[in-house]
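Chemist: Here's a structure for you.
Every number in this text was worked out from the coordinates using simple rules, so none of it is lab data. Computed from a prediction, not measured in an experiment: that's the story for all the values here. Every residue, glycine as well, gets a Cβ built from its backbone with ideal geometry; the counts of neighbours run over all protein chains shown.
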Amino acid sequence: MGFTILIGLIKPPFVTVPRTGSIGVSNVQEYPCGASSDNLLLIPKDGTSIEYLYVAAAIIRKEKWRFNYGAKITPSRIDGFPIILEQKLIDRISKK
């Protein structure tokens, strides 16, 4: 994974996942922005739809109870989260 810098900003879309403070309150970033050093940045692979990012962010938010200061969110801890994409869900997100 990597990211593109635009005058100090990160090229969207991507997901930010705070590891301290608001732990697990993930957000999809649709505009160039910066992120603090204690965020995981989930950079989508080419061809990944924005709807998929919203589903991934929602799953992390729903599962944030799994993470606390003793079990901090790390790439390896969220790597195996199952993400089920149903066309009905994608269609619902696309209409918003």
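Chemist: Which order do Glu30, Glu51, Glu86 fall in if you start with the one that has the fewest other Cβ atoms within 10 Å? It would help to have the intermediate numbers written out before the result.
Modeler: Details: Glu30 12, Glu51 17, Glu86 9.
Fewest-to-most ranking of Glu30, Glu51, Glu86: Glu86, Glu30, Glu51.
Chemist: In addition: Just order 12-18, 87-93 by mean Cβ neighbour count inside 10 Å, highest at the front, would you? Intermediate results must be reported in sequence, preceding the final value.
Modeler: Values: 12-18: 19.9, 87-93: 11.7.
Taking the mean over residues of other Cβ atoms within 10 Å, the ranking is 12-18, 87-93.
Chemist: Only Cα pairs within less than 10 Å get springs; with that Gaussian network setup on the chain, which residue of Ile83, Ile50, Ile59 has the largest fluctuation?
Modeler: Ile83
Chemist: Counting pairs of alpha carbon atoms under 8 Å apart in space and at least six apart in sequence, what relative contact order in percent does the chain give? Intermediate values should be presented prior to the final figure.
Modeler: On the way: 120 pairs, mean separation 25.9, N = 96.
After rounding, I find 27 percent.
Chemist: Provide Lys45, Lys62 in ascending order of the number of other Cβ atoms located within 10 Å of each residue's Cβ, fewest first. The partial results should precede the final answer.
Modeler: Working: Lys45 7, Lys62 12.
Taking fewest neighbouring Cβ atoms as first place, the list is Lys45, Lys62.
Chemist: Give me the lysines in straight-line cross-link reach of Lys88: C-alpha distance below 29 Å, same-chain residues under 8 apart excluded.
Modeler: By straight Cα distance, Lys88 reaches Lys11, Lys45, Lys62, Lys64, Lys96.
Chemist: Let me ask something additional. Connecting C-alpha atoms closer than 10 Å in a GNM of the chain, tell me which of Gly47, Gly34, Gly21 has the biggest fluctuation.
Modeler: So, out of Gly47, Gly34, Gly21, the one fluctuating most is Gly47.
Chemist: Looking at the square roots a ≥ b ≥ c of the eigenvalues of the Cα gyration tensor of the range 5-94, which shape do they give, rounded for a/c under 1.5, prolate if a/b is larger than b/c, or oblate? Can you show the working numbers first?
Modeler: Values: a/c = 2.02, a/b = 1.08, b/c = 1.88.
Oblate is the answer for the range 5-94, as a/c is 1.5 or above yet b/c matches or exceeds a/b.
Chemist: Let me ask something additional. For Lys72, which aspartates and glutamates qualify as cross-link partners when the Cα separation must be under 13 Å and same-chain residues fewer than eight apart are set aside?
Modeler: Within reach: Asp38, Glu63.
Chemist: Calculate, for Lys88 and Cys33, the FRET efficiency according to 1/(1 + (r/R0)^6) with r their C-beta to C-beta distance and R0 41 Å; round to the nearest 0.05.
Modeler: Numbers: r = 31 Å, r/R0 = 0.75.
Efficiency computed from Cβ-Cβ geometry: 0.85.
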